[in-house]
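A short worksheet on the structure shown next.
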């Protein structure tokens, strides 16, 4: 049995692939070695993943995850996988960026971007990532991400800069007060998840000119900060992977058009294409 995982900070999409070609989807919370220890990952796998596998004999795992940036942190996930699957032949842990690149570009060169709870980007030559951006995480970066959009929306609300109709709609839906906001922002874990949870409000009001412009501006900031600095940006298509890219496709395409970049594919999630990639290779 082959198990493929695409893990963000919020959720993980797993696919259990049998030798007869059948594929089963499984879902759990997200994993990030920057925020979790091996013991916590093991506990989550045992309570969320293992019960869904129905005693299937998993032999190989290919895990693509947020925060899996190299051996110094990848071992946290690999050790957890080997603890819950003691008979594994392969526990291959790579970045979600490589997973996105393989899914969106397969064996062709391209610039690949992740726009989900967080944001990231790289240049992929069809075989490997050649270089990427210096991502600084939620508080210092993540422009264009769900966390960034949610943080921007909440800041505009508390600064009383939202138009009156949007401000009232936000108040009616969330009733958010300052103590609750600050507790979730600075005291509780995963502030990026907390702020990303406000993006459905933006999606529901995306036809409002203020919201549409705010989202487009966030994508433009991401492109101008990171993508246009790649020398390959004048030649290679730019692909996007992630729920934010998918649900805000119109605003994203507008930002790309304004930047004169070459639009590539938009994938909501990479896991289905990763099955094709591993079957092919």
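Answer yes or no as to whether residue 5 is at pLDDT 95 or above, buried (at least 17 other Cβ atoms within 10 Å of the Cβ), in contact with a helix residue (DSSP H, G or I) (Cβ under 9 Å, 6 or more places away or on another chain) and not in a strand (DSSP E or B).
So residue 5 fails the test.
Which of the residues spanning the stretch 26-69 are closer than 22 Å to residue 1 by Cβ, in a loop (DSSP other than H, G, I, E, B) and out of contact with any strand residue (DSSP E or B) (no Cβ under 8 Å at 6 or more places or on another chain)?
54, 55, 57 - these are the residues of the stretch 26-69 that are closer than 22 Å to residue 1 by Cβ, in a loop (DSSP other than H, G, I, E, B) and out of contact with any strand residue (DSSP E or B) (no Cβ under 8 Å at 6 or more places or on another chain).
I want to confirm something. Restricting to the stretch 221-253 and keeping residues that are touching a helix residue (DSSP H, G or I) at 6+ places or on another chain (Cβ under 6 Å) and part of a helix (DSSP H, G or I), which single residue is nearest to residue 30 (Cα to Cα)?
Checked the stretch 221-253; the qualifying residue nearest to residue 30 (Cα to Cα) is 244.
Looking at 165, 142, 107 in this structure, which one is modelled with pLDDT of 95 or more and not in a strand (DSSP E or B)?
165
Could you say whether any residue in the stretch 112-127 is touching a residue at least 24 places away in the same chain (Cβ under 8 Å) and more than 30 Å from residue 199 (Cα to Cα)?
Within the stretch 112-127 (the criterion being touching a residue at least 24 places away in the same chain (Cβ under 8 Å) and more than 30 Å from residue 199 (Cα to Cα)), the answer is no, since none of the residues qualifies.
Within the stretch 199-220, track down each residue that is loosely packed, with under 14 Cβ neighbours inside 10 Å and outside any helix (DSSP H, G or I).
Scanning the stretch 199-220 gives a single hit, 207.
Residues in the stretch 235-253: is at least one surrounded by fewer than 18 Cβ atoms within 10 Å (Cβ to Cβ), modelled with pLDDT under 95 and more than 20 Å from residue 128 (Cα to Cα)?
No, the stretch 235-253 contains no residue that is surrounded by fewer than 18 Cβ atoms within 10 Å (Cβ to Cβ), modelled with pLDDT under 95 and more than 20 Å from residue 128 (Cα to Cα).
Quick check on this structure: which one of 85, 62 is in contact (Cβ under 8 Å) with a residue 24 or more places away in the chain, touching a helix residue (DSSP H, G or I) at 6+ places or on another chain (Cβ under 8 Å) and within 25 Å of residue 26 (Cα to Cα)?
Going through 85, 62 in turn, just one is in contact (Cβ under 8 Å) with a residue 24 or more places away in the chain, touching a helix residue (DSSP H, G or I) at 6+ places or on another chain (Cβ under 8 Å) and within 25 Å of residue 26 (Cα to Cα): 62.
What number of residues in the stretch 171-198 are without any contact (Cβ under 8 Å) to a residue 40 or more places away in the chain and assigned to a loop (DSSP other than H, G, I, E, B)?
Selection size over the stretch 171-198: 5.
The values are calculated or read from the model by the stated rules, or taken from the named source; none is laboratory data. Bear in mind that the values here come from a model prediction, so they are computed numbers and not experimental data. Virtual Cβ from ideal backbone geometry, glycine too; neighbours counted across all protein chains shown.
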